[in-house]
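Okay, structure first, notes after.
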Amino acid sequence: ESEPDTPSGRTFAPPSARRLARELGVDVAAVDGSGPGGRVTEADVRAHAEGGAAASGGGSDGDAPTPRPA
Amino acid sequence: MVVGDVTTGTEVLVIGAGPGGYVAAIRAAQKGLDTTLVEKDAYGGACLNRGCIPSKALITGSGLAHEAGNAEFMGVHADPAVDMGKMVEWKDGVVDGLTSGVEKLCKANGVNLVAGTASFTGENTVRVAHGGEGQGSETLSFEHAVVATGSRPVQIPGFDFAEDHVWSSAEALDAETVPDRLGVVGGGYIGMELATTYAKLGADVTVVEMLDDILDPYEDDVKRIVRKRAEELGVEFHFGEGASEWSEAPDGGYLLHTETEAGDESTYGVDRILVAVGRQPVTDGLDPGAAGIETDDRGFVETDDRTRTAVEHIHAVGDVAGDPMLAHAASNEGIVAAEVIAGEPAALDRQAVPAAVFTDPEIGTVGMTEADAEDAGFDPVVGQMPFNASGRAMTTGHTEGFVRIVADEEAGFVLGAQIVGPEASELIAEVALAIEMGATLEDVAATVHTHPTLAEAVMEAAENARGQAIHTLNR
Amino acid sequence: MVVGDVTTGTEVLVIGAGPGGYVAAIRAAQKGLDTTLVEKDAYGGACLNRGCIPSKALITGSGLAHEAGNAEFMGVHADPAVDMGKMVEWKDGVVDGLTSGVEKLCKANGVNLVAGTASFTGENTVRVAHGGEGQGSETLSFEHAVVATGSRPVQIPGFDFAEDHVWSSAEALDAETVPDRLGVVGGGYIGMELATTYAKLGADVTVVEMLDDILDPYEDDVKRIVRKRAEELGVEFHFGEGASEWSEAPDGGYLLHTETEAGDESTYGVDRILVAVGRQPVTDGLDPGAAGIETDDRGFVETDDRTRTAVEHIHAVGDVAGDPMLAHAASNEGIVAAEVIAGEPAALDRQAVPAAVFTDPEIGTVGMTEADAEDAGFDPVVGQMPFNASGRAMTTGHTEGFVRIVADEEAGFVLGAQIVGPEASELIAEVALAIEMGATLEDVAATVHTHPTLAEAVMEAAENARGQAIHTLNR
Ligand SMILES: Cc1cc2nc3c(=O)[nH]c(=O)nc-3n(C[C@H](O)[C@H](O)[C@H](O)COP(=O)(O)OP(=O)(O)OC[C@H]3O[C@@H](n4cnc5c(N)ncnc54)[C@H](O)[C@@H]3O)c2cc1C
Ligand SMILES: Cc1cc2nc3c(=O)[nH]c(=O)nc-3n(C[C@H](O)[C@H](O)[C@H](O)COP(=O)(O)OP(=O)(O)OC[C@H]3O[C@@H](n4cnc5c(N)ncnc54)[C@H](O)[C@@H]3O)c2cc1C
């Protein structure tokens, strides 16, 4: 699995792809993006999920809360 | 459904009908959840009644009067007179239209509306006190709750909002007349929006600010443009001074006393004093502790990226949950809260929350500044387009300011923008979409932009970052 | 470089310095090509000198005067007087600033500027006649050329622009005084922008239009809003009538004669007659045939998706190359032409070209209407948000109109938008980016939009299409 190659673990993906990733329990940061600069599309997320989401080392099942500073 | 004899039950209880709460309630009802919205005061919260909406109405009215009175250069001669009572009446009509609209939208979506103040009595119950004394109360049980109780203006020692001449933003938006001299304590966005408004309405405005410039979170070149324009409008600034007290002046007005950190004192003659130094969360009367909800040392409710508090089935959204304390952030959080409660895979995964300041000129920002991008580890590239090179800006008579766009050098991803100038609040929307979509500078530049529009400046800034702007020189 | 004794050579020759030509020239020079731009009249072409820019300046001036004079409802009392001479002077200053800016930008980018009229003398040569008679001429040889000679107003029989009282749009933008009564022939976008402008300046405006409504290419509900508002401003419409001739009236003014298809005649008393019935390509004097370039039966130069004419190394862009005959399309084509010449993989692969009409209210459209989408084989879903439910619109006092968004039901891809209302010309930019990016309704809806802004209506329209708008009822 590819590491996110942008700083701060930022993944460039439209909201619809990010939502799909959560829906499928995929860590969007672990998806190989096929778009320009590695942008992640919905199709990339689906392919990742079908290609064995279990292998995604990100550890996120799409449901783990992260703290948000108030 | 009635649970027990005195307790009414609801699947989702929303507390507070501001832009966080009413949006959460409507979306929860849209998802088929039995939803109850409790509001103690007025539908629409601070935003519709004492914030975003009334301020923008007065900004329009004062702006039109001022602009028409200063348009000889384009052949328009007018000497407008402002009837402040009438302007506030118009503003009230706008507010009424919107707040009754919110009530109707709630009902149309099937939200149960309850008037009263909600206090937690446990993890799954609140008591709602209706209206004033002796109006009775009821207990409501809920499966999920959304706390959206908002914020109120911070009061500082020596300046009691109960005094007629000491204003919070709420009173500044409800004035019957324009004071001759207005003192403004605080040069944040609320202070600056109102200082500009009153300066245009003819008041002599004096702003005192503890820091050494206005609009703390913004970059220097952005601040400078707004400050310079305010000065042109006659606003006087005193930086590095904190308001300490007021006293009565012999002339019938008041003296606003300030003090520097070094102890130097000054006084300014004023007729009204607007204190706009920040907003604090509203949780009094709510008793969040009774439900096990934790607040931080400033009183904000802590939440995670699903808007959940430490008590998983109780969410908090909007100002009460802390920064960015903006109406649209509140609404976005309200939607996420409702969808999470409905079992959907929603989260606060927005890449960027835009923000606007409705000064003259406006400011619109979204995402990262160049410095932010560096801090985040990007290698940023920056492009800029000044409005004085924009054909559309020239035809509107407003050419101050610029569009700056920040992107990642390597892949070209748009990371942020800072816009100061005409319609900056609207122009920022395109860049927000660019950021969310993972658009690159090339994507923005290749999108055909209508001529002549201000939005072309976004495209030109993107081209400038790529070293090939047409309407401005490239570095 | 000098080739032979009398011929100067250039890699790229651009003919015409309008938004098509000057942009092509600047981009070609940016790509390192030796570029020469020939212009016979004024830098900036029709757009800067007689089109987009001057019209928008007068729209601003007349709009401000009218708005300030009709703002009692918001407590602003003014009785503005317009000095038309001064307004036109201001407009001229704006135009001068921009045209001299274009000249400077060309020079700064290294474009060689030549004043004169270019005529093809072969596949790789033009003769440039300098200025008036006897000013001499030179021959220029080129490797690549871009024809960007633009368009001019169509004249109709019986209405000679040489007459003082018969105006093309150019004269309407240069008037010294406001005529008491203005007849406008043609209810297209230019006719409607100028009819609105003059109505606001106090003229009694009568529009005659052969078709049965204004603004032919737009949808009925869009037209209706603009027509109704124009009627409120006092504009009188006569549809189904063609202008046949004018005659002198006994009162010193003129009579505008019209005829229906059935032969019914009418006359309208006017002082000036603006003929705005369309624009035709400018190729006279250019002798495109000498280079082997073909024009269609209306005189437009035919081009492919790389902006190439039948003669591969000669491109044509902008109005002379036909629809959409908009300045930003011309510029976009100019960029593509330059990049294709530079050997880059550029093409006219834009998904959508936005368009704006600066009437009151404005219109902004991009991409497909619902009907277009059906014709293209999509199963369209449509969402709408009326501005009278927008908080920002209410605070500006302008609540007419709506945002409509059209998407593909199945995948949710945004296909188009029709916006009529305040700042429609600016708001359309976000949707244009959405279309180019292949954004879905969900993407637009999930992008946080600043409150209170008109741009929120775009988000709400997207939510409405998904059946979950907050601020308007869902179908
Ligand atoms: C002058 C001014 C201008 C502003 N301009 C802008 C702007 O242009 N753009 C922008 O984004 N933001 C602006 N803001 C900020 C904006 O108003 C807030 O961010 C927004 O209102 C927060 O929404 P909310 O739903 O969290 O809370 P609020 O709007 O504060 O609503 C909270 C509601 O909860 C009710 N409530 C509280 N406690 C209880 C209880 N125990 N039981 C029942 N009901 C309760 C309150 O009565 C209130 O109606 C402005 C603010 C001010 C003061
Ligand atoms: C009143 C009005 C308002 C308009 N408003 C808008 C608007 O708001 N938005 C919009 O997008 N469009 C608008 N347009 C249309 C816009 O002006 C044109 O689409 C645009 O100017 C086309 O650009 P161009 O470069 O193709 O041609 P032009 O701008 O027409 O420029 C062509 C140039 O070529 C020169 N030329 C011609 N022949 C020769 C030759 N043989 N040798 C040397 N030079 C030559 C001409 O002198 C001219 O300068 C408006 C038009 C009018 C009339």
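The values are calculated or read from the model by the stated rules, or taken from the named source; none is laboratory data. Small disclaimer: the values here were computed from a predicted structure and weren't measured. As a convention, Cβ positions derive from the backbone with ideal geometry for all residues, glycine included, and neighbour counts pool all protein chains shown. In case anyone asks, the SASA skips ligands and DNA or RNA and just uses the protein heavy atoms, side chains included. Shrake-Rupley method; radii C 1.70, N 1.55, O 1.52, S 1.80 Å.
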For this session: Could you point to the residue in B:A424, C:G202, B:M368 farthest towards the positive end of the protein assembly as shown's charge dipole, with +1 and -1 charges on the Cβ of Lys/Arg and Asp/Glu respectively?
Result: B:M368
Exercise. Charges only on Cβ, +1 for Lys and Arg, -1 for Asp and Glu: so what's the dipole of the protein assembly as shown about the Cα centre, in debye to the nearest 20?
Worked result: 300
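Over segment B:355-465, what relative contact order in percent results from Cα pairs under 8 Å that are six or more residues apart?
31
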Problem set entry | Per-copy distances of the C:A347 label point, shortest first, in nm (7 angstrom along Cα→Cβ) | 3.8
For this session: With only alpha-carbon atoms counted, please give the Rg and Dmax of segment C:166-277, in Å.
Result: 13.2, 41
Exercise. What ratio of Cα Rg to 2.2 N^0.38 Å holds for chain B?
Worked result: 1.05
Seminar exercise, completed: Here the correct list, in nm and shortest first, of distances from B:D264 to the same site in the other copies, label points 7 Å along Cα→Cβ, is 8.1
Exercise. If you average 1/r over every pair of different alpha-carbon atoms in the protein assembly as shown and take one over that average, what Kirkwood value in Å do you get?
Worked result: 30.5
For this session: Using per-residue counts of other Cβ atoms within 10 Å, averaged over each peptide, order C:47-55, C:198-206, B:106-114, C:292-300 from highest down.
Result: C:47-55, C:198-206, B:106-114, C:292-300
For this session: Give the relative contact order (percent, whole number) for segment B:318-381; include only Cα pairs under 8 Å separated by 6+ residues.
Result: 17
For this session: Using only alpha carbons, build the gyration tensor for segment B:40-121 and give me the equivalent ellipsoid semi-axes, biggest first, whole Å.
Result: 38, 12, 10
For this session: Run the 1.4 Å probe and let me know the accessible area of B:H77, rounded to the nearest 10 Å².
Result: 80
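Using only DSSP helix segments of four residues or longer, with each worth -39500 (n - 2.57), what per-residue ellipticity at 222 nm results for the protein assembly as shown after dividing by its residue count and rounding to 500?
-9000 deg cm²/dmol
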Exercise. Within the accessible area of chain B, what % is carbon and sulfur when the probe is 1.4 Å and the other protein chains stay in place?
Worked result: 44
Exercise. Rounded to two decimals, what is Rg over Rh for segment C:355-465 when you use alpha-carbon atoms and the Kirkwood radius?
Worked result: 0.95
Exercise. Which whole-number percentage describes the relative contact order of chain C, with Cα contacts under 8 Å and a sequence gap of 6 or more?
Worked result: 14
For this session: Beyond 32 Å between alpha-carbons counts as too far, so tell me which of B:K223/C:K200; B:K56/C:K56; B:K91/C:K91; B:K200/C:K91; B:K223/C:K31 fall in that bin.
Result: B:K223/C:K200; B:K91/C:K91; B:K223/C:K31
Seminar exercise, completed: Computed over segment B:425-475, the distribution of all Cα-Cα distances in 5 Å bins, rounded to whole %, is 5, 21, 31, 26, 13, 3
Seminar exercise, completed: With every protein chain in place, the accessible area of C:S151 for a 1.4 Å probe, in Å² rounded to the nearest 10, comes to 10
Exercise. Which value, in debye to the nearest 20, gives the size of the charge dipole of chain C about its Cα centre, when Lys and Arg are +1 and Asp and Glu are -1 at the Cβ?
Worked result: 1420
Problem set entry | Candidates per GluC sites (Glu not before Pro) in segment C:391-475, loop by DSSP, up to 11 other Cβ within 10 Å | C:E410
For this session: Take each complete run of DSSP H in chain C, measure how far its Cα atoms stretch along the helix's own axis, and keep only those covering 15 Å or more with mean Kyte-Doolittle hydropathy at least 1.0; list them.
Result: C:424-437
Seminar exercise, completed: Phi angles of segment B:393-403, converted by Karplus (6.51 cos²θ - 1.76 cosθ + 1.60, θ = phi - 60°) into ³J(HN,Hα) in whole Hz with x for Gly and Pro, give 4, 4, 6, 8, x, 10, 10, 6, x, 6, 10
Problem set entry | Teacher prompt: C:E410 distances to equivalent labels in other copies, 7 Å Cα→Cβ, nm | 3.7
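P(r) tail for segment B:238-373, what percent of Cα pairs lie past 22 Å?
So the portion of pairs separated by more than 22 Å is 59 percent.
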